[in-house]
Amino acid sequence: MKRLLAILALAALAALSAQAAEPDARKSFDAGLRAFAASNYPAASNAFLEAAAAAPAEKLDPAAAFYNAGLAAYAAGDWKAAADSFARAASASDLALQSEAYYNRGNALFHQTGGPAAGMQSLPLPAMSTQELAGAEASIGEAIQMYENAIALDPQDADAKANYELAVLKQQQIQQQKQQQQQEQQKQDQQQKQEKQPDQKQDQQQQQQKQQAEQQPQPQPDQQREQPQEEQIQEEKPSEEMTPEEAAMMLDAMKAQEQSLRDQLHPFFGRPVPVEKDW
C-alpha cells in the first residue's frame, strides 16, 4: 500500500506538470498501460520502451517509461530485461522513483540467481554448474548493492531491508556450493592421478630393467675373436638368467621405486502497479 500510494502521488504530480508535449511518447505510454492492464506484458514492455525512446526528443524524462517497462518485463518473467530497464529508471531525478527502481532491480537480479521470489523464505539452492554459479554469485552481489541503494534513499523501506537479508543468505548458499564444487574437483583430480599410477609404475619398471641391462658387462670385440666358439657360448649362458643376488637387487629397487611413487601421491526469494505518468 505504501508503494501504491507513492506511485499514485507521483502520477498526480506529473499530471499537473505538463500538457503541451507531442503525442508520440504519450500514445506509446498509454498503449503500454492498456497492455499491462490486459496482462499482455511483452506488448506493454515494448510500448513503454518506445515511449522512453521518444521522450528525450520531446524534452520528457524517460525514467517513468523505463520503470514501467521493467515492471512489465518482470511480470513476464524476463528478469534480465527487467533488470536492464530498472537500471535505466534509476537515473530518475525523482528520488522516490529512483528508490523504487533500485529495489525492483534488486528483485530482478535476485531471480537471476535461481532464488525464490522476494519476500518468500529462502529455499535450498538448486544444483548449478561452475559457470551458472559464477553468474549467480555476480547477480546476488549486485542485488545486495541495489537493496543497499534503496535503503540509503529510503531508510524506512522495510521491504528492501527484508530482501537485503534474504540476498545475503542466498549469497552464503552460493559461496558454500562453490566451495563444495572446488573440493569435489580436487578429489576428481586426485583420483585421476591415482588411476594413472599403475601405468607409471610399469613404465618405470621397464626403464629400470633397460638401465640394468645396459649396465651388464659385455665382452669386448677383440676378446670374442680370441676365444674359441665353445668357450664363448659357455660365457654367454649366465647372462640369460639372473643370479639370486641380481634378482634380490632388482626386487629391492622395484620396491623402493613403488614406495617413491606412493610418497609422491600424498602431497591435495501484490503485483506492482505501473506509474501512470502522462507527462
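Quick note: the coordinates plus some simple rules give every number you see, no bench work behind them. Since the structure is predicted, the reported quantities are computational estimates derived from the model, not experimental observations. As a convention, Cβ positions derive from the backbone with ideal geometry for all residues, glycine included, and neighbour counts pool all protein chains shown.
Highest mean first, the peptides 67-80, 87-100, 167-180 sorted by other C-beta atoms within 10 Å per residue fall in the order 67-80, 87-100, 167-180. For the stretch 27-33, putting each phi into the Karplus relation 6.51 cos²θ - 1.76 cosθ + 1.60 with θ = phi - 60° gives couplings of 4, 5, 5, 5, 4, x, 5 Hz, in residue order, rounded to whole numbers and with x for Gly and Pro. Phi angles across the stretch 85-97 convert, under the Karplus curve 6.51 cos²θ - 1.76 cosθ + 1.60 with θ = phi - 60°, into 3J(HN,Hα) values of 5, 5, 4, 5, 5, 5, 7, 4, 6, 6, 5, 5, 5 Hz, Gly and Pro given as x. Packing order of peptides 106-113, 137-144, highest average first: 106-113, 137-144 (average count of other Cβ atoms within 10 Å over each peptide's residues). Amide H contacts for Ala55 (H built 1.01 Å from N in the peptide plane; partners 5 or more residues away or on another chain; cut-off under 5 Å): none found.
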